[in-house]
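Trainee: Pasting a structure below so you can have a look.
The values are calculated or read from the model by the stated rules, or taken from the named source; none is laboratory data. These numbers come from a predicted model, not from an experiment. Cβ placement follows ideal geometry from the backbone for every residue including glycine, while neighbour counts extend to all protein chains displayed. Each accessible area value is taken on the protein alone, full model and side chains, heavy atoms only, with ligands, DNA and RNA left out. Shrake-Rupley method; radii C 1.70, N 1.55, O 1.52, S 1.80 Å.
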Amino acid sequence: MTDRIYNVLFLCTGNSARSIMAEALLRERGAGRFHAYSAGSHPKGEVNPYALETLETMGLPSEGYHSKSWDEFARPDAPRMDFVFTVCDSAAGEACPAWPGQPMTAHWGIEDPAAVEGSDIEKQRAFATAFRYLRNRVDQFCAIPLHRLDKLALSQRLREIGEMEGATSPNAVAE
């Protein structure tokens, strides 16, 4: 069953930076294997311009992304998610909606680059660092032979990915 396409949702509170970059990365690196989405518990309503700039700098498309509520993906007509990953500690601590299909979940928290104050260069550096951590996680996820692992082994591997360099809360798991 190697031709199955998996649906993956990245969650963050504001859906303006980390979750958008993770969605873009998986769209690019997992093309043909995954459909990537992102959402937030309290969406900001717009994508952080530094996130879009980072995508462009890293050679990824930056068009078509928008900040949206996770409620869109909890509706009966929403795509059934196979995986849901939180990329911020706040979203991991919130009570998530009941996702149709009971997807596997993991917490891949990293520091919020949008919270960095300072010069443009300091903000760009924070976004580049967050992007690198997300890219490493997405690459590891894409390398998993999903069709060969049982649910327990896959769950363990997803947790290990969340504990990679840059992890903010290595043992947290999304509900």
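Trainee: Can you pull out every residue in segment 22-54 that is of a type outside the set (Lys, Arg) and touching a residue at least 60 places away in the same chain (Cβ under 8 Å)? Let's see the steps before the verdict.
Mentor: Kept after step one, since they are of a type outside the set (Lys, Arg), are these residues of segment 22-54: 22-26, 28, 30-32, 34-43, 45-54.
Ala22, Leu25, Leu26, Gly30, Phe34, Asn48, Tyr50, Ala51, Glu53, Thr54 - these are the residues of segment 22-54 that are of a type outside the set (Lys, Arg) and touching a residue at least 60 places away in the same chain (Cβ under 8 Å).
Trainee: I need the full set of residues from segment 1-37 which are surrounded by fewer than 23 Cβ atoms within 10 Å (Cβ to Cβ) and assigned to a loop (DSSP other than H, G, I, E, B), in order please.
Mentor: Result: Met1, Thr2, Asp3, Arg4, Ile5, Gly30, Ala31, Gly32, Arg33.
Trainee: OK, next. Which pairs do you get when a residue that is aliphatic (A, V, I, L, M), found in segment 115-127, comes within reach of a residue that is open to solvent by 90 Å² or more (accessible area, probe 1.4 Å) and not in a helix (DSSP H, G or I), reach meaning Cβ atoms under 8 angstrom, with the pair 6+ apart or on two chains?
Mentor: So the pair list comes out as Ala126/Glu111.
Trainee: Of the conditions (1) open to solvent by less than 10 Å² (accessible area, probe 1.4 Å); (2) in contact with a helix residue (DSSP H, G or I) (Cβ under 8 Å, 6 or more places away or on another chain); (3) within 24 Å of Pro145 (Cβ to Cβ), Gly40 clears all except one; give me its number.
Mentor: Gly40 satisfies all of (1) open to solvent by less than 10 Å² (accessible area, probe 1.4 Å); (2) in contact with a helix residue (DSSP H, G or I) (Cβ under 8 Å, 6 or more places away or on another chain); (3) within 24 Å of Pro145 (Cβ to Cβ) except (3).
Trainee: If you don't mind, there's one more thing I want to ask. Glu46: assigned to a loop (DSSP other than H, G, I, E, B), under 24 Å from Val116 (Cβ atoms), open to solvent by 50 Å² or more (accessible area, probe 1.4 Å) and of a type outside the set (Lys, Arg), yes or no?
Mentor: Here the answer is yes, as Glu46 does meet what is asked.
Trainee: Do we have Ala172 as at pLDDT below 95, part of a loop (DSSP other than H, G, I, E, B) and open to solvent by less than 50 Å² (accessible area, probe 1.4 Å) here?
Mentor: Criteria met by Ala172.
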